[in-house]
2 protein chains.
Amino acid sequence: MNAGYTKEDVSAAFREIQTSICLGLEAIDGGEHFSRDEWQHHDGGGGLSRILTHGRVFEKGGVNFSAVEGRLPEFMKTRVNASATHFFATGVSLVMHPHSPLVPIVHANIRYFQTNAGDAWFGGGIDLTPIYVNVPQGKHFHQTLKATCDAHGADYYDRFKREADDYFFIPHRKETRGIGGIFFDYLSDKPNDRLVFDFVKAVGHTFINAYGPIAEENKALPYTEDQKKWQWIRRGRYVEFNLVYDRGTRFGLETGGRIESILMSLPEHASWFYNHQPHEQSPEAESSKYYNKGIDWVNL
Amino acid sequence: MNAGYTKEDVSAAFREIQTSICLGLEAIDGGEHFSRDEWQHHDGGGGLSRILTHGRVFEKGGVNFSAVEGRLPEFMKTRVNASATHFFATGVSLVMHPHSPLVPIVHANIRYFQTNAGDAWFGGGIDLTPIYVNVPQGKHFHQTLKATCDAHGADYYDRFKREADDYFFIPHRKETRGIGGIFFDYLSDKPNDRLVFDFVKAVGHTFINAYGPIAEENKALPYTEDQKKWQWIRRGRYVEFNLVYDRGTRFGLETGGRIESILMSLPEHASWFYNHQPHEQSPEAESSKYYNKGIDWVNL
């Protein structure tokens, strides 16, 4: 609480980031605009879900903002000071599912959590899920994230890239859900400092720099029905990750959050074909080689 | 172990039930046959996955048989005698996803578990997920299950129907996944007795009597694109249940089972539309009223 900013400063900055990201994504789409659904949390606070469906580029996607408070859930008690009874949490969370299998799915999230006992930390991440992996574009994505990280902490990119590899992983498939990015959690500012807050804002603002050029470059490329089928399969893996492993999704389902905002991350169509294996040396098989941890994208 | 039968008797009976169910479902389909994938478990034993895809009636479905053994997993230890170190488990598990939104999705499962310390029990269940609820057919389904239950235990249907209502429930949606059926677990035979084993076999054999007439009655009915869309949405809920809550699925994913056999329960296509609400008094809204616990289907 003795940071160089208030929780209102954080939620205001996050709300602004939500607006700026929506404008950036609308510019890429060139067709539809984000709708606005305001909602209240049963305990306190609420949020603004902004959803874009059936655009020119995006089939379905959403950029959620929320700022909620309430009694500390039982399972959070091991993470915070013993005297904590209430929490405040604010965040922006987005997932975009493009129509084209050549435009990657993208996810980003920034969040802040504090208790009435002085706990306070930030978390977040950005990761890319190309259906067809394009190496120069993957490099651009990671290099953009690295530049943002480097400006705030010399070891940030290496640490957070490794955490993303571990987090965005589907153990039962033994594969990552895409080509990763960055992931961080429990980052706290020192008293009267705001270095972490500045970093988290920079992550929010770098999103469109990392993703935009890739979406622009690929959005008008023609694609086939077979490529669409591969996209549905990869979206199925995305659903598996989100429903089985994603902490934010499971936290939301278990604490009675707004279902439509939590599950806006799921695609409009997904497929599961029994025992589907791409042909050797097909573009699908080649892409699958990149769904692995430990790839040095910046220097690939 | 001092039951009136051996574990080999159980797995042989289950294997026979798998064959007979596949024949019954092939007769309904009238087109495709079940493939056969034999597989080995890393610890011991294995299974036979029988999959039918792109038939006349069924888009995708599978009837799995397995008989595996190994070291007792850590999380099972509270459920069994303290001296148990190894387990044996055998079961048949099926899910069928028809093309037509007028033919219900169906699931059935029978299973047997024992340890080297004398623990032994059966579990299982059958439940129906109509996309459009047809009350006479729902009655037929429950009455068939009740007749089978009644022949083996006076309180079986009431108990197991209630357990199915509780089990096949999606808490975050506050709805059941369909119209229920029966569900039971931890049913053990007394020494030198085989009443429970006989009941479980009867459940396996009643499956086709409960489901077959419904599938036959509806399989040739014409349907619309809008009905298909509602099917995709309901299938999305099916995916949510299986990945978030189903014990068998989560057990399989956590213990490193054969992924393609575990996830054969997922449909070929499923959809998530943001904040979709059926129009009041539409057939979709009317069907949704039946996705609730506590409906007295036998006397409806």
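Derivation of every value follows stated rules applied to the coordinates shown; laboratory data play no part. The model shown is predicted, which means the values in this text are computed figures rather than measured ones. No Cβ is skipped: glycine too gets one built from the backbone with ideal geometry, and neighbour counts run over all protein chains shown.
Assorted remarks:
- Less than 5 angstrom separates the built amide H of A:I131 from those of A:I105, all sequence-distant by 5 or more or on a different chain.
- Helix B:7-29 axis, angle to chain B major axis (alpha carbon atoms, nearest 10°): 20
- Compared with the dominant Cα axis of chain B, that is its longest principal axis, helix B:135-150 is turned about 20°.
- Across q = 0.07, 0.09 Å⁻¹, chain A modelled as identical point scatterers on its alpha-carbon atoms has Debye log10 I(q)/I(0) values of -0.26, -0.43, in the order of the q list.
- Shape of the range B:201-300, Cα gyration tensor, a/c cut at 1.5: oblate
- Stretch gain in nm, segment A:H54-A:E8, where the contour uses 0.36 nm per residue and the Cα spacing is subtracted: 13.2 nm
- For B:F113, neighbours were defined as the other residues whose beta-carbon sits under 11 Å from its Cβ, and their charges (Lys and Arg +1, Asp and Glu -1) total 0.
- For B:G4, the amide hydrogen comes within under 5 Å of the amide hydrogens of B:N192, B:D193, counting only partners 5 or more places away or on other chains and with H modelled in the peptide plane.
- Backbone phi angles across the range B:155-162, fed through the Karplus curve with coefficients 6.51, -1.76 and 1.60 (θ = phi - 60°), yield HN-Hα couplings of 9, 4, 4, 4, 5, 7, 5, 5 Hz in residue order; Gly and Pro are listed as x.
- The value obtained for the protein assembly as shown, namely the Cα convex hull volume divided by the number of residues, is 167 Å³ per residue.
- Between helix A:225-240 and chain A: long-axis angle, C-alpha atoms, 0 to 90°, nearest 10: 30
- Computed magnitude of the charge dipole of the range B:7-299 (debye, nearest 20; Cβ of K, R +1, Cβ of D, E -1): 320
- Using θ = phi - 60° in the Karplus curve 6.51 cos²θ - 1.76 cosθ + 1.60, the 3J(HN,Hα) couplings for the range A:196-203 round to 5, 4, 5, 4, 5, 4, 5, 4 Hz; x is entered for Gly and Pro.
- Charge dipole (debye, nearest 20) of the protein assembly as shown; +1 at Cβ of Lys and Arg, -1 at Cβ of Asp and Glu: 320
- Taking amide H positions as modeled 1.01 Å from N, with prolines and chain starts lacking one, the residues under 5 Å from B:N292 and 5 or more places away or on another chain are B:T176.
- A point 7 Å from Cα along Cα→Cβ stands in for A:E217, and the other copies hold the same point at 5.8 nm, listed in rising order.
- A point 7 Å from Cα along Cα→Cβ stands in for A:E74, and the other copies hold the same point at 2.1 nm, listed in rising order.
- Position B:R162, label points 7 Å along Cα→Cβ, spacing to each other copy in nm (shortest first, one decimal): 5.4
- The range A:119-166 and the range A:8-52 have Cα centres separated by 23 Å.
- Highest average packing first - B:64-75, A:172-183, Cβ atoms within 10 Å: A:172-183, B:64-75
- Axis-nearest residue in chain A [Cβ, rotation onto B], distance in whole Å: A:L243, 2
- In sequence order, calculated HN-Hα J values of the range A:62-76 (Karplus, 6.51, -1.76, 1.60; Hz; x Gly/Pro): x, 10, 8, 10, 8, 8, 10, 9, x, 5, 5, x, 3, 6, 8
- The range B:268-290-the range A:201-277 distance, computed between alpha-carbon centres (Å): 22
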